[in-house]
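Novice: Structure in structure tokens, see below.
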Amino acid sequence: MITAKTIFKNEDGHLFRHLRYTYTYDNENRVTSKEASKWDSSQEAWVPYFKMDVSYTNSEVELSYARWNSKSNAYDSNIQKSFYELNDADATLMLASTK
């Protein structure tokens, strides 16, 4: 299981921090959230970018996406949700709906 991953940009042979992803899992080792941060070179810090939360039921998977809002210091911007139906083998059948 991957708990974190850092992506670097290669510019003329020099590597620069670009994005960092952190993941959380449930007790069945399924991803329950993926959070992305962008590197801010002027602040020398990772700045929140977006978060995806995943919830599972017997028949569907719900994926919630939200962008970071620096004014409210929360993931409450550009919120989107998608629902995916699962078959008997827990494989995704189709996109059921979006909000």
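Rule-based calculations on the coordinates, nothing more; no lab input. On a predicted model such as this, the values are computed, not experimentally measured, just so you know. Note that we place each Cβ from the backbone using ideal geometry, even for glycine, and neighbour counts take in every protein chain shown.
Novice: Looking only at residues in segment 3-38 that are among the hydrophobic types (A, V, I, L, M, F, W, C) and under 13 Å from the mean Cα position of the chain (by Cα), which one is surrounded by the fewest Cβ atoms within 10 Å (Cβ to Cβ)? Step through it out loud before you land on a result.
Specialist: Initially, segment 3-38 is screened for residues among the hydrophobic types (A, V, I, L, M, F, W, C), giving 4, 7-8, 15-16, 19, 31, 36.
Those left that are additionally under 13 Å from the mean Cα position of the chain (by Cα): 4, 19, 31, 36.
On the way: Ala4: 9, Leu19: 15, Val31: 15, Ala36: 18.
Among those that are among the hydrophobic types (A, V, I, L, M, F, W, C) and under 13 Å from the mean Cα position of the chain (by Cα), it is Ala4.
Novice: Now, a different point. I need a count of the residues in segment 60-78 that are loosely packed, with under 13 Cβ neighbours inside 10 Å and small (Gly, Ala, Ser).
Specialist: Result for segment 60-78: 3.
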